[in-house]
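Notes to accompany the following structure.
The values are calculated or read from the model by the stated rules, or taken from the named source; none is laboratory data. In this text, all values refer to a predicted model and were calculated from it rather than measured experimentally. Here Cβ is always computed from backbone atoms with ideal geometry, including for glycine, and neighbour counts include all displayed protein chains.
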């Protein structure tokens, strides 16, 4: 029995507003900027990087596994387990952030690495003069005239 059964929500309204959806197979679609994952979908059992700020000066980073999630009255609750200490704790966040910033961000590390690599490749190829002017088949290498192959008898 998942926590969704204990904390019912109006799935039609929330789902149609593209805020929160669950497929009851361990996948949660949370459309908010504090979730950085492919298609804003996180799955139970996956490992994530959790970055949070207990105060305005310090940032803490944990590697966590997602156990479960639920939505209740405009607030997302995630139950996570720290990979190193095996401590289980619940983090919560209002879907619509008011004047304060988000207290935490959950990042799918594989997705982040893929996005960074894509950005690096795009910036490299975009600034490459040869890529803009010459087709892929063309080369800017000098043609070598090798006199060793031409023998005069």
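Considering only the stretch 75-84, I want to know if a residue exists there that is more than 22 Å from residue 20 (Cβ to Cβ), loosely packed, with under 12 Cβ neighbours inside 10 Å and over 14 Å from the mean Cα position of the chain (by Cα).
Of the stretch 75-84, the ones more than 22 Å from residue 20 (Cβ to Cβ) are 82-84.
Pick out the ones that are also loosely packed, with under 12 Cβ neighbours inside 10 Å and you get 84.
Now restrict to residues that are over 14 Å from the mean Cα position of the chain (by Cα): 84.
Within the stretch 75-84 (the criterion being more than 22 Å from residue 20 (Cβ to Cβ), loosely packed, with under 12 Cβ neighbours inside 10 Å and over 14 Å from the mean Cα position of the chain (by Cα)), the answer is yes, since at least one residue qualifies.
Take residue 49 and tell me if it is surrounded by 11 or more Cβ atoms within 10 Å (Cβ to Cβ), in contact with a helix residue (DSSP H, G or I) (Cβ under 7 Å, 6 or more places away or on another chain), farther than 23 Å from residue 18 by Cα and modelled with pLDDT of 85 or more.
Working: surrounded by 11 or more Cβ atoms within 10 Å (Cβ to Cβ): yes; in contact with a helix residue (DSSP H, G or I) (Cβ under 7 Å, 6 or more places away or on another chain): yes; farther than 23 Å from residue 18 by Cα: yes; modelled with pLDDT of 85 or more: yes.
Judged against the criteria, residue 49 is a match.
Is at least one residue of the stretch 88-98 in a loop (DSSP other than H, G, I, E, B) and surrounded by 15 or more Cβ atoms within 10 Å (Cβ to Cβ)? I'd like the intermediate steps shown before the answer.
Step one: filter the stretch 88-98 for residues in a loop (DSSP other than H, G, I, E, B), giving 95-98.
Next, from what is left, pick out any that are surrounded by 15 or more Cβ atoms within 10 Å (Cβ to Cβ): 95.
Among the residues of the stretch 88-98, at least one is in a loop (DSSP other than H, G, I, E, B) and surrounded by 15 or more Cβ atoms within 10 Å (Cβ to Cβ), which makes the answer yes.
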